């Protein structure tokens, strides 16, 4: 077998590694499976969980440089390495807490490189835990392995720096090193801002939930997120059931998110505006539905029927007339000449009902 020019002590460690390799190959999937299962159980999102067993040639290189510091091969703490790559920097601490509960941590050999704060350290600002997993795999209780936790941007930077930096064996000219360090600072700022934005959005959603729960709808701007929250209140169900009762019809659920651009075009700025339309145009919408469905034998209606007729009534009461209804149909379904016919029909129904 290859000796790699090692001294007798280094060769003995290498032989021990070769004997330990089958155990490492059993330990690797067990550790990765345990990490992935706990991430899923806690509802965390990560971009990747990678692993590797140290190559023999790589270990030989380490032993040739500093083999004297290792009394036995299990003193090498990164024979097995697992890397968890998160989307956000604050998730690093969440994963770290999870790892601390999963494995025995060798605190003396673990290192939090985020606290080093060197100018060019962004890509290496990861958290490195040296761990053991007693009882996980027979014969592996004494094997230490490394779990590295970093963000996606840190991982990208470290990979690029590896490819362009010291791994090439050529010193980088200062002008390029300066540019790389400037880029590292930019990426670190991006990492922080993504985290800050997510925190802000989370706080905003919690505030919206509170306002909606308290009925303070005029304080909640109408947007995609708040509209979805409002739909969770099922605000159109009662009117839908009343309309369905005309023919004892079944209500078929359909998405209502496509109405959001229309509601905005109608001048709705807050959930309060939308809620007032529901309350104030309720009877008009019902009468329109009675006219439309009363002479039919439909036994299935769409869950959008209430909101659609509320919009009809609102547009007509606001003086939008035929043109307003045409714009409504175009907004919901895309422009079509047939929408003129539909708009005329709704206008005639509304005239009969004295809605306009």
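Once you place label points 7 Å from the Cα toward the Cβ at residue 264 and residue 112, how far apart are they in nm?
4.2 nm
Compute the acute angle (0 to 90°) between the alpha-carbon long axis of helix 338-352 and the principal axis of greatest extent of the alpha-carbon atoms of the chain; round to the nearest 10°.
The answer is roughly 50 degrees.
What nm value, rounded to one decimal, do you get for the distance between residue 192 and residue 354 when each label is placed 7 Å out toward the C-beta?
6.7 nm
Per DSSP H run of n ≥ 4, the term is -39500 (n - 2.57); total these for the chain, divide by its residue number, and report the mean residue ellipticity at 222 nm rounded to 500 deg cm²/dmol.
-18000 deg cm²/dmol
Report the label-to-label distance for residue 242 and residue 16 in nanometres (one decimal), using points 7 Å from each Cα along the Cα→Cβ vector.
Going by the 7 Å Cα→Cβ label model, 8.2 nm.
Helix 56-66 sits at what angle to the longest principal axis of the chain, using alpha carbons and giving 0 to 90 degrees rounded to 10?
60 degrees
Mean separation of Cα pairs under 8 Å and 6+ residues apart, divided by the residue count of the chain: what relative contact order is that in percent? Before the final figure, lay out each step's value.
Numbers: 426 pairs, mean separation 41.6, N = 356.
Computed value for the chain: 12 percent relative contact order.
Compute the angle between helix 8-41 and the longest alpha-carbon principal axis of the chain, please, reported from 0 to 90 degrees and rounded to the nearest 10.
10 degrees
Given the C-alpha centroids of region 167-237 and region 258-333, what is the distance between them in whole angstrom?
Region 167-237 and region 258-333 have Cα centres spaced 34 Å from each other.
Read the figures in this text as sums done on the coordinates, not as results from a lab. Every value quoted in this text rests on a predicted model; they were computed, and no experiment measured them. Note that each Cβ is placed from the backbone with ideal geometry, even for glycine, and that neighbours are counted across all protein chains shown.
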